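Following: one structure in structure tokens, then a few remarks.
The values are calculated or read from the model by the stated rules, or taken from the named source; none is laboratory data. Because the structure is a prediction, the values reported are computed rather than measured. When we count neighbours, we look across all protein chains shown, and the Cβ atoms used for this are built from the backbone with ideal geometry, even at glycine. Protein only, heavy atoms only, side chains kept; ligands, DNA and RNA dropped before computing areas. Shrake-Rupley method; radii C 1.70, N 1.55, O 1.52, S 1.80 Å.
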Amino acid sequence: MSEYSCLVVEDSPMMRQLLVFALARVKNLRVTEADDGVDGLRKLAASKYDIILTDINMPIMDGLKLVKRVRSDPAHQDTPIVIITTEGASEDRQRALQLGANAYITKPIQAPQVIAIVKDLLKIQ
Amino acid sequence: MAHKGDESAPPPDLKRQTREVLQNFSAGGKLSEEFLTEYRLLRDQVRALEAENQRLRNQLETDDALARLLAKVERLEEERRELLTRTAQAEEAQGQFDARFQEVEEQFSSLANLFVASNQLHQQMVPRSVIRRIKEILAQLVGAQAYTVYLLDAPSETLVPIASEGVVGEFLESTELDSVVGRYLKKVELYVTENHLSSEPNFDSPLVVVPLVLESRPVGAIAIFATLEQKSEFSRTDIELFKLLIEHAPSALMTAALFEQAQRKLPGIDSFRDLSI
């Protein structure tokens, strides 16, 4: 059975822990955590991931810059990206989708929604 | 030419006998013909009867096959009814399973939220970090947009705002214990509005008041005045998070404050002796 890898980029330890909890429900999914965009890029340079979940509002490097950098890297051009945003931030959401994000999740996050989106993008039954 | 006394001429008796024989022969032939006709007639009748017999036999066989076919159709109908009943039962069981699965998923999600909130609150040993976690719980988990965290100043009997979001101006000032927030704190009662939630704050009428209690003593309160636009009602998980905040938030906050007051020194082993009474 194939194993999938997921990179969660989120500055809030609470949201990160919650996402990790939700993603633990997806079978054969290995989750790696990153504190912000820079940490995320560092981890992407070290290994390849099957999917990336990233918050938009983060210090040092925000989610939009991260999406742009990931999409400009041939190694990760096709890696699905899910952005995590608040309902009010529709402009950020649109911008992220234009930059190449594949889907979005709005806060407060619901574990079943996170699981459904990740499974859908990874084409897991 | 026959002459009288000619010996070659047949005697009259013989003529008569010959005539009789010929007559008898002719009658025999006639009889034979009649027999033949009768025989042919009978033969045709036998054939007709045999054909009729065959037809009847075929008919019987057809009726039998039809009866067998009808019995089979009946059996198949019975099987179909049974299968439909089983399908309906299976669909009902599937529906119950789906509902139960959904319920378990929601419970899991709720427990995860509660665990993470509690875990994050009690991991912090700096008051500012505790406050940050409380704010994260309110904003990220509950979906609060405008809220204030008050602590009770016992000597002046006022509630002093120590953190807030989306609250401005006069509404950020201290409030008396006889205010709406203070009344719920004095009663140590969680208040959650039954009305439709709003993203427009009404500072005179909070949507939620969470009393903060330490060892049964009221020490502060959290008031939520507005929620995110997409939120129409508080979920069961939200209510559980409010209940968790009642005792866990002040406990985490006081622990961090005391630790800071003690200049982050850990208590000596003497503090923990004789605990296992």
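Observations on the model:
- Region B:181-231: GluC sites (Glu not before Pro) in DSSP coil with no more than 12 other Cβ atoms inside 10 Å: B:E189, B:E194, B:E215
- Per the Cα gyration tensor, region B:19-123 maps to an equivalent ellipsoid with semi-axes of 99, 7, 4 Å, ordered largest to smallest.
- The label-point distance for B:E260 and B:R100, in a model that sets each label 7 Å from Cα toward Cβ, rounds to 5.0 nm.
- For B:S199, the residues whose modelled amide H falls within less than 5 Å of its own, excluding neighbours fewer than 5 places apart on the same chain, are B:T227.
- Along region B:36-42 the Karplus relation, 6.51 cos²θ - 1.76 cosθ + 1.60 evaluated at θ = phi - 60°, assigns HN-Hα couplings of 4, 4, 4, 4, 5, 4, 4 Hz to successive residues, with x for each Gly and Pro.
- Taking all protein chains as shown and a probe of 1.4 angstrom, B:E74 keeps an accessible surface of around 100 Å².
- A straight Cα-to-Cα reach below 17 Å connects B:K15 with the lysines B:K4, residues fewer than 8 places away in its own chain not being considered.
- Restricted to Cα atoms, chain B shows a radius of gyration and a Dmax of 57.4, 192 angstrom.
- Förster radius 60 Å - calculated FRET efficiency between B:S205 and B:A71 (Cβ-Cβ, nearest 0.05): 0.20
- Summed residue charge, Cβ within 14 Å of A:K68's Cβ, Lys/Arg positive, Asp/Glu negative: +1
- Cα Rg over Rh - chain A, Kirkwood: 0.92
- Rounded Å value of the spacing that divides the Cα centres of region B:212-262 and region A:74-125: 31
- Förster radius 30 Å - calculated FRET efficiency between B:R236 and B:A93, Cβ distance, rounded to 0.05: 0.70
- Taking every residue in A:105-112 and counting other chain Cβ atoms within 10 Å of its Cβ, the average works out to 6.
- Note on region B:126-261: the alpha carbon radius of gyration divided by the globular reference 2.2 N^0.38 Å gives 0.97.
- Magnitude of the charge dipole, the protein assembly as shown, Cβ model with Lys/Arg +1 and Asp/Glu -1, debye to 20: 1240
- Computed with a 1.4 Å probe on the full set of protein chains, the accessible area for B:H248 sits at about 70 Å².
- Net charge of Cβ neighbours under 13 Å - reference B:L138; Lys, Arg +1; Asp, Glu -1: +2
- Using a 1.4 angstrom probe on protein heavy atoms only, the contact between A and B buries about 1700 square angstrom of accessible area, both sides summed.
- Here the calculated FRET efficiency for B:K187 and B:E79, from their Cβ-Cβ distance with R0 = 51 Å, stands at 0.15, rounded to the nearest 0.05.
- Inter-label distance, A:K65 to A:R30: 2.9 nm, where each label sits 7 Å from its Cα along the C-beta direction.
- Whole-number accessible area per residue in Å² for chain A, which is evaluated in the context of all protein chains at 1.4 Å: 47
- Surface exposure of chain B, expressed per residue as accessible area with a 1.4 Å probe, stands at 69 Å².
- Rounded, prolate or oblate (a/c below 1.5 giving rounded, otherwise prolate when a/b exceeds b/c) for region A:29-69 by Cα gyration tensor: prolate
- Structural size metrics of the protein assembly as shown, computed from C-alpha coordinates, are Rg and Dmax of 50.2, 192 Å.
- Among B:T37, B:T87, B:T62, residue whose mean-square fluctuation peaks in a GNM of chain B (springs only between Cα atoms under 10 Å): B:T37
- Reachable aspartates and glutamates, given that their alpha-carbon falls under 18 Å from the alpha-carbon of B:K30 and they are not under 8 places away in the same chain: B:E20, B:E38
- Set of aspartates and glutamates near B:K72 by C-alpha distance (under 20 Å), chain-local residues within fewer than 8 positions excluded: B:E61, B:D63, B:D64, B:E82
- Over 21 Å between alpha carbons, listed pairs A:K68/B:K135; A:K27/A:K119; B:K135/B:K187; A:K27/B:K231; A:K65/B:K231: A:K68/B:K135; B:K135/B:K187; A:K27/B:K231; A:K65/B:K231
- For region A:15-35 and region B:6-53, distance of Cα centres in Å: 118
- Scalar couplings 3J(HN,Hα) for region B:166-178, obtained by applying the Karplus form with A = 6.51, B = -1.76, C = 1.60 to θ = phi - 60°, are x, 10, 10, x, 4, 6, 9, 7, 5, 10, 6, 6, 8 Hz; x denotes Gly and Pro.
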